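Working notes, beginning with the structure itself.
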Ligand SMILES: [Zn+2]
């Protein structure tokens, strides 16, 4: 499945399907969940969140996107404008991963003296 990317200054209010919106200015990305459930995925760009790679034609996000807070619990990579579906995680794996991410995020934001952003999507790691 393909996903197109769009570099924008600010994220539009209405998101189109299969489009990854990237705002360099606000260091964030947004897209509608690739499973088609319609939920909005916010993947901020920071050393502790996601990394965006742009090769001049396509974009990739690292690490994968795990939508554990959505009913669909979809899990996929965005690689060179392509949605690569990843393995479904068990409930236990999800709980453990979320806890790990929460701790690492809290540490990161504390170090920077920032308030932890709420409503940010879940990031997953290689497995
Ligand atoms: Zn979904």
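Just a few scattered comments:
- For the chain, DSSP calls about 80 percent of its internal beta bridges antiparallel.
- For 60, 46, order by how many other beta-carbon atoms lie within 10 Å, fewest first: 46, 60
- Distance from the C-alpha centroid of the range 2-29 to that of the range 55-88: 14 Å, rounded to the whole angstrom.
- Cα gyration tensor category, rounded, prolate or oblate, for the range 1-62 with a/c compared to 1.5: rounded
- Prolate/oblate/rounded call for the chain, Cα gyration tensor, a/c under 1.5 rounded: oblate
- Of the residues 13, 82, the one with the fewest other Cβ atoms within 10 Å heads the list, and the complete ranking is 13, 82.
- Stretchable slack from residue 100 to residue 19, in nm (0.36 nm times residue separation minus alpha-carbon distance): 26.3 nm
- Cβ-based exposure ranking for 55, 62, in which fewest neighbours within 10 Å come first: 55, 62
Computed from the coordinates by the stated procedures, all read-outs in this text should not be read as laboratory data. Every value quoted in this text rests on a predicted model; they were computed, and no experiment measured them. Here the Cβ is made from the backbone with ideal geometry for all residues, glycine too, and neighbour counts use every protein chain on show.
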